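Note sheet for the following structure.
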Amino acid sequence: MFLALPIVVPLGTAIALHLLPQRSRLLRVVAFLGAVLSLAAAVTILVRTLSAGIQVLHVGSWPAPFGITLVADLVSALLVVMAGVVGVAVTGTSFAGVDPRREGLGYHSLIHVLLMGVSGAFLTGDIFNLYVWFEVMLIASFVLMSLHRTRAQLHAAFTYVGLNLLASAFLLTAIGLLYGQAGTLNFADLARAWPARRTPGLDAALSMLFLTAFGIKAGLFPLFFWLPASYHTPPAAVGALLAGLLTKVGVYAMIRVFTLLFPDPSASVYTAILVMSALTMVVGLIGAMAQHDLRRVLSFNLVGHIGFTTVGLALWTPAALGGSILYVLHHMLVISTLFLVSGLFLRQRRTTDLRALGGMYRSQPVVACLALVPLFALAGTPPLSGFIAKLAVVGAMIESRHYLLAAISLGVSLLTVLSMARVWEEAFWKPAPAADHPGGGSHPPRLGAAILAPVAFLVSLTVGLTLAADPAYRVATKAAEQLLDPAGYVRAVLGEGVPRAAR
């Protein structure tokens, strides 16, 4: 039953938060403890998966494909752990203070509902429940984005929900067509039954429907424009949660569905994924260079780097897909950290406009040291985790003789370096505005341990991923091998090779 804990614990925490007395300190402690419990459950799942193989839970003892099935292979387990890490960091920020209006409207509960949806999407063993978990995430994230109800936030929230509902419509249409032809929705049963029931025309139509739906969810070009229009408006903690997790669920869903249902890398849809990934890299980073607000810079960087997480699927080799999985893990850490850093700027200067910042290196050296790691990890500066993950992806491109794609990736990496160097220079290195100098009339609030601790937690994990890059890449490559050869997944879910404790 431990496979259900990353779903049950956030659900129970969300219910408890609604039933408890509305005392800020109590709510924050319960929310944080719930996130820690979820992370502990996720780590347990990863350890069991590493030691005993793919883990399966048939809910209510209904065997697949007739009942609800939860499955944890290596990629699912890794992503559930990362979701738990981001959840701990985001709930930890609440100890430094939360807008009372948000807190009174269920802010903490909504975070746990969102974490439940993310974990459910990573662990589900059938495609219809994947759609259900997408809707759980959509509802929770929409309310979190619009809780304060400012004009900008409402506009961003409706843009966000409108495009994601369109993606859900594409996904549900594809699921209906798939079920009509295959007669099953269980991932493992589909992988077994679909080769005998597919037709070339339906295969092409379904693959494009799934690509459109997951492309919107992941933020791939040209389906990404809702993301930079939305993610810069909510509070920093909410932005960190959305940026760190939601697009990665779209990437995961694309990898899971395509490796199980469309295992022919010569199909035209993989050429489309390759082209979209390359264009996503270029357009996202060009957009980032044109921005002056830190959170918009990060939003466009988020878009650009999604291309590195999907290109491994198009290349269809264990090295490439393993590199993309490692890149997902790295990116979940650093982009969440940088959104939390933007919250530090808001507390200090009441703005994230780079032109109004400056001098943070002198006034807040601890913040500067903490921000240095994720900024240059995102840029891919050696020897940080971003460099290692990017090297794995680009090396796989060269190995598969996609030299133009490798050149584009290296050019995009240079743009990322320039983008992050500009953030460092504008926010930290240049002199502070006149009003922020002593005697200038500005007294920025002191940043205490409560607000710095979540950032330090994520930074330490980024450094840890850098130091453990070799074993992390080996695990990511093994996860890629499981994805590209789903026979073990099918055997585990449908009966053969299921660990005894999971039956």
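The values are calculated or read from the model by the stated rules, or taken from the named source; none is laboratory data. Remember, predicted model here, so these are calculated numbers, not experimental data. Calculation scope for accessible area: heavy atoms of the full protein, side chains included, ligands and nucleic acids excluded. Shrake-Rupley method; radii C 1.70, N 1.55, O 1.52, S 1.80 Å.
Share of the stretch 167-301's accessible area from carbon and sulfur, percent, 1.4 Å? The partial results should precede the final answer.
Values: 2680 of 3900 Å².
Of the solvent-accessible surface of the stretch 167-301, carbon and sulfur hold 69 percent.
Quick one: accessible area per residue over the chain, 1.4 Å probe, rounded to a whole number of Å²?
37
Pairs of alpha-carbon atoms within less than 8 angstrom and 6+ residues apart define the contacts here; what relative contact order does the chain have, in percent? Intermediate results must be reported in sequence, preceding the final value.
Working: 835 pairs, mean separation 86.5, N = 503.
Normalised by residue count, the contact order of the chain is 17 percent.
Please count, across the chain, the pairs of lysine residues with Cα atoms under 21 Å apart that sit 8 or more places apart or on different chains.
Value for the chain: 4.
Report, in deg cm²/dmol and to the nearest 500, the calculated mean residue ellipticity at 222 nm for the chain, where each DSSP H run with n ≥ 4 adds -39500 (n - 2.57) and the sum is divided by the residue count.
Details: 20 runs with 367 residues, N = 503.
When only DSSP H runs of four or more count, the value is -25000 deg cm²/dmol.
Can you pull the semi-axes for the stretch 55-133, root of five times each eigenvalue of the Cα gyration tensor, sorted largest first, whole Å? Could you put the intermediate results ahead of the total?
Working: eigenvalues 187, 42, 14 Å².
Semi-axes (√(5λ), whole Å): 31, 14, 8.
Order 473, 252, 131, most accessible first, counting only protein heavy atoms with a 1.4 angstrom probe.
On the way: 473 65, 252 10, 131 40 Å².
Solvent-accessible surface, decreasing: 473, 131, 252.
What is the angle, in °, between the Cα long axis of helix 24-52 and the longest principal axis of the Cα atoms in the chain? Nearest 10 is fine, range 0 to 90.
Approximately 40 degrees, to the nearest 10.
How many percent of the accessible area of the stretch 68-121 is carbon or sulfur, using a 1.4 Å probe? Provide the component values of the computation, followed by the final result.
Details: 760 of 1050 Å².
So the carbon and sulfur contribution to the accessible surface is 72 percent.
Expressed as a whole percentage, what fraction of the accessible surface of the stretch 369-412 belongs to carbon and sulfur atoms when a 1.4 Å probe is rolled over the protein heavy atoms?
Numbers: 1460 of 1890 Å².
Carbon with sulfur: 77 percent of the solvent-accessible area.
Answer with a single label: of (i) 21.9, 77; (ii) 21.4, 68; (iii) 25.8, 89, which was calculated as Rg and Dmax of the Cα atoms in Å from the structure in view?
Among (i) 21.9, 77; (ii) 21.4, 68; (iii) 25.8, 89, the one calculated here is (i).
Quick one: compute the contact order of the stretch 299-430, relative version, from alpha carbon pairs under 8 angstrom and 6+ residues apart, as a percent. Numbers along the way, then the final one.
On the way: 139 pairs, mean separation 40.9, N = 132.
Taking the mean separation of contacting Cα pairs over the length of the stretch 299-430, I get 31 percent.
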